[in-house]
Structure formats: C-alpha cells, structure tokens
Amino acid sequence: MKDPIRAMESSDRKKTIMIIAGEASGDMYGAGLVREMLKLHPTLSFYGIGGKRMREEGVELLADASHMAVVGLTEAVSKLGSILTTMTKMKRSLDERRPDLVILIDYPDFNLSIAKAASARSIKVLYYISPQVWAWRQGRIRQIKKTVTQMAVILPFEVDTYRRHGFAVHYVGHPLLDMIKMNDSKQALRTNLGLAENRMTIGILPGSRLAEVKRLLPELLRAAALLVHDFPDVQCVLPLADTLKKSSVDEFITASGVPVRVISGRTYDVIACSDLVLVASGTATLEVALLKVPMVIVYKVSLLSYVIGRLIVDVKNIGLVNIIAGKTIVPELIQGEASGERIAGEALSILNNGERKQDMIKALAELREKLGTPGAAARTAMLALDML
C-alpha cells in the first residue's frame, strides 16, 4: 500500500469528501471516522448527511440524519417523499461538487442508490459498516460488488459472507471498542450522576427514534412499575438520545407515574452504573454488552412490517448481541411478547437469580473478545485516505 498521507501532501488541491450516515449510530461512527481522517490530513473538506456529532467534527450537513431514520417498512413509506427529495439533492451534489470520495455508513437502501450514482460518475466509494446482507437480501452483494470500491466491515463473520461471493472486504474491528471505556465503579458513577449510591438501578433505553419511543417506552415503563413493586428501593434512569427532545419521553413518564430520572449526554455512564438495562434492539444492545451489563432486549414495529420482515429475514435472533455470540445469551421479547408484564418477568428472573446474572456477564465478556481490537476508525481512515 502506498503512503496515503505523503501522496495527498504532494497534491495542492483541497480534497472534498461526501459522507452519509442516516441514523444516530451512523452519525456516531461517522464523527469518529472524520476525526481520525482530519488528524492525518487537516485540510480535508466534508459534506453530506449526519447528525450533531458529525456537525461538531466540521461536516457540512445538507440534511439531518434525525429526519431520515425509520423503524420498519410502514414508517419508511410515511417518510418516502422527504427521503427521495434528499436523495435527489445528494445525487445532484455529485455533479455540482464532484467529491473525490464518497463514504457511506450503513443505511443501505438509501446508500446503495448513492453508491450506484457515484460509481456511474467514476467517483470512488468506501462503504463503512456493511448492510446486513448476512441477515437478509444477500443478493445485494452483487450490487455492492459493482458499485462499491472498498468495503470496511465491523463484524468478524461478515468477511466470510462476502468472501463466499468473491468480494474481498477489509475487517477493521468494531468502532464501539474505542468509544466505550469505563474505569469507575457503579457506585462512583451513580454519585457522579446524582443518583443514590447503593440502590438497585435499572437503565431504560427506548431507542433513538421517536417512533421507537412511542411503541416501546409505555411497555418499558409498565415493566419498571412492576419492578418497583417488587423492589421498592429501585431507581430508574433513562439516558436521552441526542436525536430526541426531553418532552418526547416526559409525557410517557408522567402518565406512567413511575419516577424515572432522565439524563442527557451520559448514555455510557448510565448503562455502566445500572444493574440491569431494558433496551430497544439496535446498536444500543452492543453498547450495553461491551459494558458487561445484563439486559432484556425489546423490539416492536407495526404488524405489517413485522410480517414482511419475518418472511425475508434469515436469522434466528434479532439482537446484535445474540447474533454475534451465535446463540441466545440475553432474552429477546418481540412484538406481542414485548409487554410490560413479560419484560418485568425476564428482568426479575435475572435480578433474582445470581447464577444466571453472572453467566450472562461472563458471556458478554466473551463476546467483547470476538470484536477485535480498538482502532476501527483509525484503520478505516487510512483506508479512505489511500483511496484519495
């Protein structure tokens, strides 16, 4: 491999990069990647789609990721008009700005269309965080091979999935390994957050999208009410996602009558100080796992989305934690099972069974070892610079 830094320094033209992340997790990973690229080459210019974190790293946003994220097919249909308008804007920018590189992060249905448009204009494409082709629609690998120049994957088994189709990819490790570092004890974290030091603590993570919150938070709060009944001294904490307003959760909390402390900007601290977390399926499950905290995963979409999903998704589990582990190590409650009663039942089974709780913590520690070593963003940054 040539030295990408030296090669770029020999060019006097400022390099422009389009980067697209359509969801909260992608915004987080995109910000880390931009930060690492700018460390190596401070004159780079970035524009695209992202959220608060990418904006803070200097990315010029043409659209906000919080308006793009969807859960399930029915919500995707409801936002289709605005998403297509944004897609047209981004494709037009390929002609107007002629970026030197396009970096796409997850968000496959949108991003694969952008990849096709960029490829047609002979613009190189780096895809960071693969579409979940191992779970559904493996036929997309053919399209990826045609339109994506380089693929950086973050899950170890994804390498074999692509290799079987003759497409070589780069395994860079999981970016969360760089982001999640906790040294303080649960008690110290609780004190720092203004919580009671020695009370049982339940973390409530209803998701980063408003639609998720509306479907899941009422059931999570019902579960919390049942837990408070069994453990009167329990304290419940909800770390508010950057993509949500406090008012979007306050109305549910007030209606539930359950005392829940809402804390912004301290998600990892809240998770780490918890004895158990009730969490919406998604990237957050892996964050909880890396902090080795027992959890109950919940998932609920519209009935139509669920029925269609079951027909086309080819995985036993829905939680990333269980998928990576290759077995069910934490409970998953899906659709009708994601009721307050069932959630509380699973939570009590963990809290009241010390052996089960310790077995889960051990399995989560083993899962962390499967995710490689820290440095995913730095490795991907080098790959991106080598493409310029």
Check: Do we find that E332 is in contact with a helix residue (DSSP H, G or I) (Cβ under 8 Å, 6 or more places away or on another chain), under 27 Å from E212 (Cα atoms), crowded, with 17+ Cβ neighbours inside 10 Å and not aromatic (F, W, Y) in this structure?
Finding: yes
Margin query: I'm told S274 meets every condition in (1) of a type outside the set (D, E, K, R); (2) in contact with a helix residue (DSSP H, G or I) (Cβ under 6 Å, 6 or more places away or on another chain); (3) under 18 Å from V330 (Cβ atoms) except one. Can you identify the failing condition by its number?
Written below: (2)
Check: Among the residues of region 319-341, how many are under 20 Å from the mean Cα position of the chain (by Cα) and in a helix (DSSP H, G or I)?
Finding: 6
Next item on the list: Quick one: which residue in L210, L177 is over 26 Å from K300 (Cβ atoms) and either at pLDDT 85 or above or buried (at least 17 other Cβ atoms within 10 Å of the Cβ) (or both)?
Entry: L177
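Looking at M151, is it over 26 Å from K124 (Cβ atoms), of a type outside the set (S, T, Y) and touching a residue at least 12 places away in the same chain (Cβ under 8 Å)?
Values: over 26 Å from K124 (Cβ atoms): no; of a type outside the set (S, T, Y): yes; touching a residue at least 12 places away in the same chain (Cβ under 8 Å): yes.
Here the answer is no, as M151 does not meet what is asked.
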Note to self: Looking only at region 199-250, count every residue that is assigned to a helix (DSSP H, G or I), more than 25 Å from the chain's Cα centre (by Cα) and either in contact (Cβ under 8 Å) with a residue 40 or more places away in the chain or closer than 26 Å to S185 by Cβ (or both) and tell me the total.
What the structure shows: 6
Note to self: Tell me yes or no: at least one residue of region 100-110 is at pLDDT below 90, part of a loop (DSSP other than H, G, I, E, B) and more than 15 Å from M18 (Cα to Cα).
What the structure shows: no
Next item on the list: Working only within region 209-223, note down all residues that are over 19 Å from E332 (Cβ atoms) and among the small types (G, A, S).
Entry: A211
Checklist line | Tally of residues being farther than 17 Å from L104 by Cα and in contact with a Phe, Trp or Tyr (Cβ under 8 Å, 6 or more places away or on another chain) across region 159-183 | finding: 6
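Got a sec? Which of V262, V270, V279 is surrounded by fewer than 23 Cβ atoms within 10 Å (Cβ to Cβ) and modelled with pLDDT of 95 or more?
Details: V270 fails: surrounded by fewer than 23 Cβ atoms within 10 Å (Cβ to Cβ); V279 fails: surrounded by fewer than 23 Cβ atoms within 10 Å (Cβ to Cβ).
Answer to the selection: V262.
Would you point out which residue out of V288, V296 is among the β-branched types (V, I, T), part of a strand (DSSP E or B) and at pLDDT 95 or above?
V296
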Note to self: So, in region 79-120, how many residues would count as being buried (at least 22 other Cβ atoms within 10 Å of the Cβ) and polar (S, T, N, Q)?
What the structure shows: 1
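Mind checking whether some residue in region 353-362 is within 26 Å of L220 (Cα to Cα), in contact with a helix residue (DSSP H, G or I) (Cβ under 8 Å, 6 or more places away or on another chain), touching a residue at least 24 places away in the same chain (Cβ under 8 Å) and not in a loop (DSSP other than H, G, I, E, B)?
Taking region 353-362 first, the residues within 26 Å of L220 (Cα to Cα) are 353-362.
Next cut, in contact with a helix residue (DSSP H, G or I) (Cβ under 8 Å, 6 or more places away or on another chain) only: 356-357, 360.
Cutting the leftovers down to touching a residue at least 24 places away in the same chain (Cβ under 8 Å) gives us 357, 360.
Filter again for not in a loop (DSSP other than H, G, I, E, B), leaving 357, 360.
Yes.
The values are calculated or read from the model by the stated rules, or taken from the named source; none is laboratory data. Model, not experiment: these values are computed from the prediction. As a convention, Cβ positions derive from the backbone with ideal geometry for all residues, glycine included, and neighbour counts pool all protein chains shown.
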